[in-house]
Structure formats: structure tokens, C-alpha cells
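See below for the structure under consideration.
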Amino acid sequence: MKKILFFILILLSVNLKAQYTSNIEVLANEKWWGGATKWGSNMPYTISPVIDLRYDNFDNQTSPFLVSNKGRYIWSDSPFSYQFKDNNIYITSPEEQVKVNVAGSTLKEAYLAASKAFFPPSGELPPGIFFSKPQYNTWIELMYDQSQAGVLEYARNIIKNGLPPGVLMIDDNWQNYYGNFDFKKVTFPDPKNLIDELHTMGFKVMLWISPFVSPDSREFRSLKSKGYLIKRKGSDEPAMIQWWNGHSACYDLSNPKAYGYLLSTLKKLCEEYKVDGFKLDAGDAKMYREEEIDVYDGKSYGAYQSELWAKLGSEFPYNEYRACWKMGGQALVQRLHDKSYSWEDMQLLIPDMLAAGLLGHAYACPDMIGGGEYSSFLNIDSNSFDQQLIVRSCQIHAMMPMMQFSVAPWRILDKKHLDICVKFAKHHEMLGEYILSYAKKASETGEPIVRYMEYSFPDEGFEDCKDQFMLGDKYLVAPVLTSENSRSVKLPKGQWRDDEGKKYKGGKRYTFNNVPLERLPWFEKIK
């Protein structure tokens, strides 16, 4: 009996991983940001729960990076958990001792130092059309009923209603099943002609894909025989991973042969149909738990598998991600997690976009205009539907690096509100060269395109400001965020001019009441 207990203790000691802990005191007047995009509305942090970056990606981008306005930052090459509590940051890592680095005395200086050292810009950026034209996603209009006829009708109505053509994403269920990358012939009888026609109309075309494989399909059997699928813990059988569409097998991208096989399959798809790229969905860290699965390299669990999924997308200039681990500074298009159709969720767009920028994701899009949750737009009652919310959401998008429509504005809006959305889509198009110039700078310097006020104007009292932002160096943007059509704006020191040509003395706060629905307040510093 004693020998059995002895061997059990030995086995436990082998399997138990060391835990490195760090307690970092927050300095006087110090504020901290980073870690997870979806925590943007809680930044700068004061109190937080324990946030485990290995498995908690909160449906969006995460990175092992925290940064302060006192020139300090925290970086680790591996996921750690952190908590803000009692004026301390409590950090636990299973792989290394996490320490504080000092670089200058401001948020900008600390960010740029960390970016240069740990997630340097690649020198590449996504194609210019992402920044200069709107994006369109067929999800809310077609949901799981994607079809050639439906996609063409959607695209034609974009042009018919005066919106500029841009990137068009055909969403889930264009394919026969998961893991299969052939168009469903019943609903897409002539996909080559579809793609050709969309290109002729001025669109670039992307397809929704995921790393999942439908069980007991032809592809499943082939991939299983090759050993290309994630396995169930302690078994040679493929794991059935739970996600929002049920349970599926999943590519094991830690296997170089599986990675190469999927990459070549997707490239063949692009060659055959002239598809421009992919919306790479899923890949969430929470789906790859070590206690449930085995992977080829024995270490790529949680966030690491998510990182591999992101690296796959970097092989295609036209890409889009919602879940991502690290990869800051790379030419990846990021989108915020689906927001609900509500004023409360619309108010999350600015803080979450700002948070994404501070994780190194300059090329980002604030979800879909009006929200990405399709149930909000089913069986719409025009008498109760808040068209004002759609317009204000569109205005936020118009002065972001990217803007994306999904719900068809011509279906849910009357002519007055539709015309305003078209106006701001064209406003974004007009800003295209300016935004693209900052995207190019981001590819060289790593700087965000959308910036915290504290980032651009340190020591001017903007530490807690997250409802206005700088678009590059020129534009201070202060969208209306409530149904009351009013807002308060704090201007940095100096002289400023607003979108109507009125001048203001900086270093003061101004309240704007009864802001017309046609107006998006922005300010430019007078040199």
C-alpha cells in the first residue's frame, strides 16, 4: 500500500506544473491597459476578476501584454493570469516569472518600446480597400441560408442604394459541411460566375471558414487516417469539440503536415474560384483545453492553437479574425466580437477598439453596423425599431480604420435614415487615403490608428477617457453615443476647430446639446 501511494505521489509531482507568481504594486496616479480587447470598457483597470489568458479570450483578441501611462509594461512569451485588486496586479504564470519593464514615462513610450521588442510591425498591411471602402457581410441577411441568388441580390442592392462597393464576405453555410471547401451546388449552382460577377461590380470576395470538420464525413475519415485531427485526451480517436454549431472534429494545426494540407486546400480553392481570401472564424482558446484533448506537438493548447489559426490566415492578404492570440503587428484584419443591437453595446465600440489597438492590432473593424447579433433584426416592427441607433453606429464606423455593414440598411431604414448612412459611408471613403496613410505608418512603427486620448496627450487628464478618440494625429472624434443626441467633449490644450468650422480653446470641456442626426462631431487642431 505504501509503495502504491509512493508511486502516486511521484506521478503527481511529475504532472504538477510550477506556478510563478508576481505581485506588482500600482504606482501613484498610474493607470493600466491591455490583456484582452473585450475588457476595453473596464480599462484602465482598477478592480478585475482573475483573467486567465491561456483559455479566456472572451470571444476576441488577447495578448500577454499590460501597459501603463507611467512608462511601464508587462510582457510574457506565454499566457498568464492576472488580477487587479487592492492597488496591485497579481500575476500567475505556469511557464515563467513575469516582470515589469520600464521604458520612458508615458503610455505611448511604453507601448512603442514593447511593440518594438516583442510584437514588431511586419512592414506589411492588408490591402488598401479594407481602409478606403466599406465591408459587407452576408450573415445577418442570409444567416445559414447562404445562396448564389441571395448574395447577388445583396450585392446589387448595395450598388442600387448608392453605397460604395468594397470587400464582400459570404458567411457560413456556403459549403457542403464543415471541413469541406466546395460550394453547395443546390444553392450555388455556378460559383465561378458568381465570383466573376461580384468582381465586375467592384467587390473583393471572401468566404467564411472554420478549423472544424463534420464528423463521419469523407474529409473526417481522410483526415483521421492521416492523423491531422486533434485527439481526445488519452485516445487515438479524434476529439469532438463543442462550439456554437454543435460538436465537431478539428484540425490540429500544431501538426506541420495538417497545417500544410489545410493551407494548400485553401489556396486551391482561391485558384479555382478566384476567391480573394477568407473570414477565419472560431479558433477561440477556450475550445482547446489540455485536460480534454491531445495535440500533435504536446504543447499547443488553448491560446497557442488560436495563434496557429491566426498564422494560417496571414498566408492570405484578404483575411479577417475575431479570436486571436498575440500576432500584434501582423497584417491581420481584426473585428470586434458581435455586439447586440442596443445603445449599451454600441457604447462599447470605442473602448474595445482602443483596447485592440494597444494589443498591436491597428487594422481593426468595430463589429457590424447596428450590431452583429442576427436575432435583433428578425421580424422587425418598423414602429418600434430604433433607426437612430443604426445611424449613430454607422457614424462611429465612418471614422474608424474600417467599417462593416451586415444588416441591409435599405431593409430596415426609411429614406431619411438610409441617406444619412450612405453619406457617412462616403465620408469614410473620402477619408480613405488618410486612413491608409496611417495604416502604412502602423506597418512601420506599430502605432495604433485609433488612439486613446491619453496616448496622444499625456498628462492632460485623459487617463480615464474612453468615449472619444484620435484617428491618427489629425482628428479628435467624439460621436454621439446616446439617444439624447448630446454629449460632452474635453479638448486638449491648444486651439481647435470642429466639423462645422467653429473654433474652441483647448484645455476645457464643452457640452453639445441637440446634435442633429446628420452630424458626427469631430475636431481638428489649429496649428
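The values are calculated or read from the model by the stated rules, or taken from the named source; none is laboratory data. Computed from a predicted structure; not experimentally measured. Note that we place each Cβ from the backbone using ideal geometry, even for glycine, and neighbour counts take in every protein chain shown.
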*Across the range 76-125, what is the number of residues that are touching a Ser or Thr at 6+ places or on another chain (Cβ under 9 Å), without any contact (Cβ under 8 Å) to a residue 40 or more places away in the chain and either at positive phi or of a type outside the set (Lys, Arg) (or both)?*
5
*Pairs where the first residue, in the range 20-47, is without any contact (Cβ under 8 Å) to a residue 12 or more places away in the chain and the second is not in a loop (DSSP other than H, G, I, E, B), C-beta under 8 Å, 6+ apart*: none
*Specify the residue that is surrounded by the most Cβ atoms within 10 Å (Cβ to Cβ); the eligible residues are those in the range 37-65 that are in contact with a helix residue (DSSP H, G or I) (Cβ under 6 Å, 6 or more places away or on another chain) and of a type in the set (Ser, Thr, Tyr).*
THR37
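Results for (1) in the same structural domain as LEU431 (by TED's automatic domain parsing); (2) closer than 23 Å to LYS415 by Cα; (3) aliphatic (A, V, I, L, M), shown as yes or no for each residue.
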site	(1), (2), (3)
PRO126	no, no, no
TYR136	yes, yes, no
MET143	yes, no, yes
ILE159	yes, yes, yes
GLY162	yes, yes, no
GLY166	yes, yes, no
ASP171	yes, no, no
TRP174	yes, no, no
TYR177	yes, no, no
_Considering only residues that are closer than 30 Å to LYS192 by Cβ and either touching a helix residue (DSSP H, G or I) at 6+ places or on another chain (Cβ under 7 Å) or assigned by TED's automatic domain parsing to the domain that holds ASP172 (or both), which ones fall in the range 243-256?_
ALA249, TYR251, LEU253
*Every residue from the range 365-401 that is charged (D, E, K, R), within 16 Å of LEU418 (Cα to Cα) and surrounded by fewer than 16 Cβ atoms within 10 Å (Cβ to Cβ)*: ASP386
*Which residue, of ASP196, ASP216, is over 26 Å from the mean Cα position of the chain (by Cα) and assigned by TED's automatic domain parsing to the domain that holds GLY166?*
ASP196
*Within the range 470-514, count every residue that is more than 26 Å from ALA355 (Cα to Cα), over 30 Å from the mean Cα position of the chain (by Cα) and in a loop (DSSP other than H, G, I, E, B).*
6
*Is it true that PHE188 is assigned by TED's automatic domain parsing to the domain that holds TYR363, at pLDDT 95 or above and under 23 Å from the mean Cα position of the chain (by Cα)?*
no
*Return the pairs, sorted by first residue and then second, in which the second residue is of a type in the set (Val, Ile, Thr) and part of a loop (DSSP other than H, G, I, E, B), the first residue lies in the range 143-167 and is under 18 Å from ASP419 (Cα atoms), the beta carbons are less than 7 Å apart, and the residues are 6+ apart or on different chains.*
TYR154/THR138
*Would you point out the residue of the range 66-107, among those that are among the charged types (D, E, K, R) and assigned to a loop (DSSP other than H, G, I, E, B), that is surrounded by the most Cβ atoms within 10 Å (Cβ to Cβ)?*
LYS70
*If you go through the range 300-325 one residue at a time, how many are buried (at least 21 other Cβ atoms within 10 Å of the Cβ), touching a Cys at 6+ places or on another chain (Cβ under 9 Å) and under 20 Å from GLU290 (Cα atoms)?*
4
_I need the full set of residues from the range 444-453 which are assigned to a helix (DSSP H, G or I) and crowded, with 20+ Cβ neighbours inside 10 Å, in order please._
MET453
